[in-house]
1. If you take the beta carbon distance between residue 153 and residue 33 as r and set R0 to 41 Å, what does 1/(1 + (r/R0)^6) give as a FRET efficiency, to the nearest 0.05?
2. Expressed as a whole number of Å, what is the distance separating the alpha-carbon centroids of the range 208-223 and the range 78-96?
3. How far is it, in nm, from the label point at residue 135 to the one at residue 109 when both lie 7 Å from their Cα along the line to the Cβ?
4. Would you mind getting me the FRET efficiency between residue 71 and residue 221? Use the beta-carbon distance for r and R0 = 45 Å, nearest 0.05.
5. Between residue 162 and residue 9, what length in nm is gained on full extension when 0.36 nm per residue of separation is reduced by their alpha carbon distance?
6. Spin-label point model (7 Å from Cα, Cβ direction): what's the residue 211 to residue 197 distance in nm?
7. Suppose R0 equals 35 Å. What FRET efficiency, 1/(1 + (r/R0)^6) with r the Cβ-Cβ distance, do residue 293 and residue 120 give to the nearest 0.05?
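What follows is calculated from the coordinates using simple rules that are stated; it is not laboratory data. Computed from a predicted model, the values in this text were never measured in an experiment. Virtual Cβ from ideal backbone geometry, glycine too; neighbours counted across all protein chains shown.
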Amino acid sequence: MSSYAVSYNFPPDFMWGTSVNGQFLLDKANLAYLYQLKDNGINSIVITLTWSDYEPLKNNYNELLIDSTRALLSRIHNLNIEPIIILDNSEIPQWQNLEKRNKNETFSTERYNYSIHLAETLIPYTNIIGIKCSYDAMYSNKQLSTETEAIQDTRKYIQSVSEQVKTGLIIPSDIFRKKKNSFLFIPKSVNINSIKESEFDFIGINSDSATADLIKNTFQKSKAELMIYSDGVHSTAPHTINDMIIDNIYNIWMHYQQGWKIIGYFSEIDLNSETPEKNTFKKVCNSNSLELSTDNEELPEKWVHFLKD
């Protein structure tokens with residue numbers, strides 16, 4: 001019986017992380033969870049801040065949540081974990097929907113004001129800020145261009161305040177559409193050229209939606225780094241989650257081998273559970289490598305490919 005073993009090594013500064021939403025910021029148990037992250041080898045954490053949570057009323061920000069965010073970021077820094085802030089512009093506050101105004105005239109200014117208010121508050125606590133746009137903003141439609149302009153203006157402002165802060169564009173996962181046998185593609189009407197020509201430091205891609213080849217073919221001309229994240233873990237059948245995690249990590253390694261600069265991989269994994277995917281992720285984080293080995297010659301074809309590559 002043959003034995004196969006392989007190790008896919010990542011660069012020393014590669015980030016392995018998890019992600020949390022705004023509710024985590026108000027959780028009094030978040031410090032204990034941060035220690036748990038540290039124990040599991042995770043060196044970064046993605047925190048998504050949604051527009052509707054932080055500006056529930058027009059021009060009236062949730063200062064309690066902002067204070068909690070600052071306090072959490074301080075704790076993260078003290079543990080030598082890198083915080084990554086994602087400003088989610090896609091979840092529109094209720095007051096925005098209720099106002100009967102021309103959306104094209106208001107979205108740009110109000111999205112910009114929200115993003116700048118949070119960025120000014122949080123820049124001292126983070127070196128990486130990503131700005132998430134909505135599905136609509138990705139299309140080449142002049143009526144929907146205001147959000148893209150607001151995102152670009154936010155990037156410019158952040159860079160003018162602090163050159164050391166990396167700014168990135170987070171691509172919405174629903175931009176990718178399925179077609180027969182799970183083949184994934186991007187609609188022709190999506191304005192990819194504007195992404196390639198942008199001056200963002202990195203582009204955030206959802207690995208649950210986009211295949212490795214799709215990412216390569218779509219963004220290969222961009223000079224930006226990649227940030228790969230996964231948010232479909234909880235909606236995936238339990239017996240396939242571990243395979244999905246390993247597939248994603250292997251694909252990231254392939255991008256790295258092909259010369260692409262990558263910030264890191266961030267996955268929503270329940271660290272309180274003793275599951276195969278949690279144990280796999282922990283091993284990868286601690287060793288900074290994906291290690292596979294087996295004596296079983298009757299493996300699925302993809303595993304044989306991984307082990308013999």
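1. On the way: r = 35 Å, r/R0 = 0.85.
The formula returns an efficiency of 0.75 here.
2. For the range 78-96 versus the range 208-223, the Cα centre distance is 24 Å.
3. A separation of 2.9 nm, rounded to one decimal place.
4. Working: r = 41 Å, r/R0 = 0.91.
Once the sixth-power term is evaluated, E becomes 0.65.
5. Values: separation 153, 0.36 × 153 = 55.08 nm, distance 3.24 nm.
This chain segment gains 51.8 nm when fully extended.
6. About 2.9 nm, to one decimal.
7. Details: r = 50 Å, r/R0 = 1.42.
For R0 = 35 Å, the calculated efficiency reads 0.10.
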